[in-house]
Amino acid sequence: MQFIDLAEQQRQQLPDGRTIREAVDMRIAAVLNHGRYILGPEVEELETILAAYVGVDHCIAVASGTDALLIALMALGVKAGDEVITTPFSFISTSETIALLGAIPVYVDIDPATYNLDPGKLERAISERTKAIIPVSLYGQPADFPAINAIAERHGLPVIEDGAQSFGSEQHGRRSCGLSTIGTTSFFPSKPFGGYGDGGACFTNDPELADRMRRVSRHGQARRYFHTDIGVNGRIDTLQAAILLGKWPNFAEEVEARGRIGAAYSRKLQAASISSTPQLAAGNTSVYAQYTVQVDQRAEVQAALKERGIPTSVHYPTLLSQQPALSSINNRASQVWHTPLAQAASERVMSLPMHPWLSDDDQDRVVDALANALHSTLISAAA
């Protein structure tokens with residue numbers, strides 16, 4: 001059993017009868033034929049499609065999800081000494097990009113039901129040095145943007161959605177990455193809409209921000225050899241844009257399958273008396289970038305599942321506020337982070353195999369193995 005089955009994805013048939021692999025091959029061949037490997041026509045085509053899908057005016061395709069966050073922060077003018085509020089329960093990119101600019105991450109605890117930043121704890125973290133807020137739409141569903149945006153608006157702060165895991169999900173009928181000042185996402189292969197390498201995108205309705213992010217992603221260049229901003233080499237490769245275009249016609253089907261399989265997992269696990277299943281907030285859909293449960297004695301449960309050929313993963317065992325690479329920056333912060341709910345989650349979360357081609361039989365195998373593992377570890381703990 002595969003944790004994420006990208007090989008099976010290539011065999012999926014598109015509406016025109018081709019497989020994804022055939023469509024990707026044709027798109028790659030087109031790039032090799034025209035030879036515009038940097039900022040070829042596929043880049044603009046991809047940006048146009050994705051902006052329309054998300055429901056915003058502008059999409060800037062970039063080299064990675066990390067670059068998307070960095071470019072967004074740079075376009076907003078975040079600099080050394082500024083504070084950026086975020087969650088401690090995420091991948092390193094969320095805080096790493098803040099640190100790269102010399103700014104200070106300020107951590108707000110999570111809502112234990114969704115694992116996303118808790119807006120009820122947000123306002124007390126805002127200071128005169130706060131420059132932006134980065135909620136992460138973790139595990140496939142958006143953070144509470146109506147509440148977060150309302151607080152941000154009162155304080156005149158921009159909001160950047162880290163939508164690396166939620167692209168394709170919705171909140172009250174609006175799509176992730178179109179829910180805030182700037183949305184960012186990742187096209188890393190394992191993401192809901194993944195390429196076959198690195199890639200990412202920034203989304204916004206603000207034309208000035210869009211222009212600034214585009215310049216920043218291209219060495220700050222306003223026109224050839226004329227640079228108005230300090231920027232980075234953050235362009236997406238034409239080949240990655242072509243691969244994503246080849247996969248695009250199947251994306252809506254994959255989003256539907258992710259939602260259906262995630263819901264089926266929850267029903268099966270609850271029927272097996274396993275209650276720690278993901279919870280969707282009202283108005284949200286999820287693309288289940290991960291299907292994550294909570295377990296006691298996690299290492300023992302993972303070992304038991306591995307023995308039965310079932311892979312698992314932990315997203316994320318160490319909080320960003322505890323990462324050694326960020327220790328010097330965290331120590332400059334004006335407060336000691338109190339995020340007990342994020343800490344508790346980091347000690348118990350475990351992700352199960354999840355992808356749009358997971359069969360009912362494989363789900364049943366996972367649920368049966370997990371129920372047996374939990375029962376065995378409970379007996380061992382009581383002995």
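The values are calculated or read from the model by the stated rules, or taken from the named source; none is laboratory data. Values in this document were obtained by computation on a predicted structure and should not be read as measured data. FYI the Cβ positions are ideal-geometry reconstructions off the backbone, even for glycines, and counts take in every protein chain you see.
You will find that of I261, I310, I274, I236, the residue that is touching a residue at least 40 places away in the same chain (Cβ under 8 Å) and assigned by TED's automatic domain parsing to the domain that holds T185 is I236 and no other. Close contacts from the range 68-90, counting a first residue that is in contact (Cβ under 8 Å) with a residue 24 or more places away in the chain and a second that is of a type in the set (F, W, Y), with Cβ to Cβ under 7 Å and a gap of 6+ residues or different chains, come to T86/Y107; T87/Y107; P88/Y107; P88/W337; F89/Y115; F89/Y316; S90/Y316.
Taken over the range 15-49, the criterion of being in a loop (DSSP other than H, G, I, E, B) and within 24 Å of T185 (Cα to Cα) is satisfied by Y37, L39, G40. Once the range 254-295 is narrowed to residues that are part of a helix (DSSP H, G or I) and among the polar types (S, T, N, Q), the residue that is surrounded by the most Cβ atoms within 10 Å (Cβ to Cβ) is S266.
Would you mind finding the one in I182, I230, I236, I148 that is of a type in the set (A, V, I, L, M) and under 22 Å from Q279 (Cα atoms)? Steps first, answer last, please.
Numbers: I182 fails: under 22 Å from Q279 (Cα atoms); I230 fails: under 22 Å from Q279 (Cα atoms); I236 fails: under 22 Å from Q279 (Cα atoms).
The match here is I148.
Restricting to the range 146-182, and then to whatever is among the small types (G, A, S) and assigned to a helix (DSSP H, G or I), can you tell me which residue is surrounded by the fewest Cβ atoms within 10 Å (Cβ to Cβ)?
Going residue by residue through the range 146-182, those that are among the small types (G, A, S) are 147, 150, 152, 156, 163-164, 166, 168-169, 173, 176, 178, 180.
Then keep just the ones that are assigned to a helix (DSSP H, G or I); that gives 147, 150, 152.
Numbers: A147: 15, A150: 11, A152: 24.
Among residues in the range 146-182 that are among the small types (G, A, S) and assigned to a helix (DSSP H, G or I), the one surrounded by the fewest Cβ atoms within 10 Å (Cβ to Cβ) is A150.
Pairing each residue of the range 21-42 that is assigned by TED's automatic domain parsing to the domain that holds A63 and surrounded by 14 or more Cβ atoms within 10 Å (Cβ to Cβ) with any residue that is assigned to a helix (DSSP H, G or I) and among the acidic types (D, E), provided the two are 6+ apart or on different chains, yields C-beta distances under 9 Å for R27/E42; A30/E42; V31/E42. The set of residues from the range 53-92 being surrounded by fewer than 23 Cβ atoms within 10 Å (Cβ to Cβ) and assigned to a helix (DSSP H, G or I) comprises just one member, Y53.
Kindly list the number of the only condition in (1) of a type outside the set (A, V, I, L, M, F, W, C); (2) farther than 21 Å from G231 by Cβ; (3) surrounded by fewer than 22 Cβ atoms within 10 Å (Cβ to Cβ) that fails for P105. It fails just one condition, (3).
Sort out which residues of the range 277-294 are within 27 Å of P189 (Cβ to Cβ) and touching a residue at least 60 places away in the same chain (Cβ under 8 Å), and write them in order of number. Don't jump to the end; show me each part of the working.
Let us first name the residues in the range 277-294 that are within 27 Å of P189 (Cβ to Cβ), namely 277-278, 280, 284-294.
Within the range 277-294, P278, L280, N284, T285, S286, V287, Y288, A289, Q290, Y291, T292, V293 meet the criteria.
In the condition set (1) touching an Asp or Glu at 6+ places or on another chain (Cβ under 9 Å); (2) hydroxyl-bearing (S, T, Y); (3) within 25 Å of S180 (Cβ to Cβ), Y53 is compliant with all but (1). Just give me the residues in the range 99-116 being over 21 Å from Q141 (Cα atoms) and either assigned to a loop (DSSP other than H, G, I, E, B) or touching a residue at least 60 places away in the same chain (Cβ under 8 Å) (or both), in sequence order. The answer is A99, L101, G102, A103, I104, P105, V106. Here D198, D211 are screened, and the one residue that is under 29 Å from T48 (Cα atoms), among the acidic types (D, E), free of Cβ contacts under 8 Å to residues at least 60 places away in the same chain and not in a strand (DSSP E or B) is D211. Taken together, the criteria exclude H375 from residues that are modelled with pLDDT of 75 or more, in a loop (DSSP other than H, G, I, E, B) and loosely packed, with under 14 Cβ neighbours inside 10 Å.
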